[in-house]
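What follows is calculated from the coordinates using simple rules that are stated; it is not laboratory data. No experiment lies behind these values; they were computed from the predicted model shown. With ideal geometry, Cβ positions are generated from the backbone for all residues, glycine too; neighbour counts draw on all protein chains shown.
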Amino acid sequence: MKHSLRTTILALSVGLLGNLQAAPTPTQISSIRSTGRQTKSGQMSRAIKTRVMCIGDSNTHGVQGYTSYRYPLWFSLRRRGSLVSFVGTRFTVENENGTSIPDLNLFNRYYTYFDRDHQGYSGYRTDQVLPLLPPAIASETPDVCLILLGTNDIGQRGSNGINSAVGNLKATLEAVRSQGPATIFFIASIPPIGTGTWYFNNAGFVSSFNSLLETSIPSWSTPLSPVNFVDVHAALDVATDMLPDGIHPNQQGQRKIAQVFHNAILPVVSGGFRPAPLNTVTMQAQSFESLDLADGVSSVQPIPDWTYPNMPHVVASIMNPDSFTYSGAGGSAAPTGADGDEVLSLENSGGGPGLGWVYQIMPTTLESNQIYNLSIAVGHRSPTNTRGSTGFGGYEIQLLAGNTVVASSMNQVAPVPGSFAPAFLQYDSQGAQTSLIGAPLTVRMRLTWSAANTATDFDLVELSKL
């Protein structure tokens, strides 16, 4: 539900068919947002619930008066005493009218106890859902994603949909991780397709898709963001568990899907997953000096330990700026306020929401009663820059524990054009929510302005403990 609650499982299951201020002085350094102790603003508490986002097509959205598997899953988890919150930017079934849709004779607690939030899009393929996820993830901050997606790809494209859908699902993980680097995923095989619509012409490709998905998933996991295969297809009988259209599970089929997801995610919502503790705060490639670029040259080649944004209009690169872009940057010299001759460049090439994070997951976890300092040099290019950007893109820097933003600062310093200036965060974990202690730390930064041809550069990222 849309509360201020935070710790949640992201249940991504897709339904099927259907339609500037001055820089702060040292005594002013404090987090703008924090879930621990703050010097200059009150503590913000978070209820300890696992935030689950169900992402998908109509089999997540709910069609023909049915609520999808989300309804029985919610109540089965509650009966087990699991503290969960379903999250998402959507909260209706297809064509909902409050009386016959959904069928309140079948789902009488739909408007009372059921948590209706989800991220299901009736009729959507994987490529259509993918671009909608980053803003939804940023807004709803799920902990776990349940994904049931691909029926429309196979039904509409047949064999051509197999590889593209699996590739899009992998891209979906990357898009979610760009907003929540410690998200846990459960990806389901798609249901069988029976007679009833023209999708049945492509029913024979379902098994090939499910097989490729199952064999691909193990390589998608990371130590902090595991990916699990959930076999929904094996639990369903096309003769007894599907509606007459042969595409959507009936109430019995929805209960079976819910049971499969329930069994898979129960260890997580019961606190069964915790990344292995790590020890030291060590920032890798903190000054982005790795490509040995010539003066005025840039490269989109990723560098180790940093993850670039999964947003088409945000271009991340390593740049060796020239003297027309930053003072002091001629030859192999460092720009004023930077460290070394190479910097991280973020450019908004096409205009759009600035959700393109560059991030690094740290080899350490959040400790109790510890003060963390984060400093990042932020660069404002000279108007004479040779890159063609026309304005400063602004910035936001954040420190995360797991998927929870514990400290954030946005546009608190205004670098002089042609120079870098340090932006700061300070986070005191005294009083931090217990569930965050031991969660992996992540440092990330982004540009904030949505106008095209804006840019912000970063350098010298330092995280330290007092």
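Among D292, D341, D143, which comes first, then next, by fewest other beta-carbon atoms within 10 Å?
The order, fewest Cβ neighbours first, is D292, D341, D143.
Ranked from highest to lowest mean number of other Cβ atoms within 10 Å per residue, what is the order of the peptides 100-108, 355-363?
355-363, 100-108
For segment 45-269, report the convex hull volume of the alpha-carbon atoms normalised per residue, in Å³, without decimals.
118 Å³
Of the listed peptides 155-165, 52-62, what is their order by residue-averaged count of other C-beta atoms within 10 Å, with the highest listed first?
52-62, 155-165
Quickly work out the D103-to-R79 label distance, labels modelled 7 Å from Cα along the C-beta direction, and quote it in nm with one decimal.
2.0 nm
Relative contact order of segment 298-465: what whole-number percent is it, with Cα pairs under 8 angstrom and at least 6 residues apart?
After rounding, I find 32 percent.
If neighbour count is taken as other Cβ atoms inside 10 Å, put K170, K49 in order from fewest to most.
K170, K49
What's log10 of I(q)/I(0) for segment 298-465 at q = 0.09, 0.12, 0.18 Å⁻¹, Debye sum over Cα points only, no solvent?
Listed by q, the Debye log ratios stand at -0.30, -0.52, -1.08.
Would the chain count as rounded, prolate or oblate if I go by the C-alpha gyration tensor, calling it rounded below 1.5 in a/c and otherwise prolate when a/b exceeds b/c, oblate otherwise?
prolate
With a sphere of radius 15 Å drawn around the Cβ of V300, what net charge do the other residues whose Cβ falls strictly inside it have (Lys, Arg +1; Asp, Glu -1)?
The answer is -2.
How much length is gained if the chain between T112 and S368 is pulled fully straight, taking 0.36 nm per residue apart and subtracting their Cα-Cα distance, in nm to one decimal?
Length gained between T112 and S368: 88.3 nm.
Just how large is the dipole of the chain about the Cα centre, in debye to the nearest 20, putting +1 at every Lys and Arg Cβ and -1 at every Asp and Glu Cβ?
1560 debye
Going by average Cβ density within 10 Å per residue, which order do the peptides 300-307, 386-393 take, highest to lowest?
386-393, 300-307
Could you list the residues of segment 142-166 with an amide nitrogen less than 18 Å from a label point located 7 Å from the Cα of F200 in the Cα-to-C-beta direction?
152, 154-158
Run the reach check for K49 against aspartates and glutamates, Cα to Cα strictly under 16 Å, same-chain hits fewer than 8 apart removed. What comes back?
D115, D117, E140, D143
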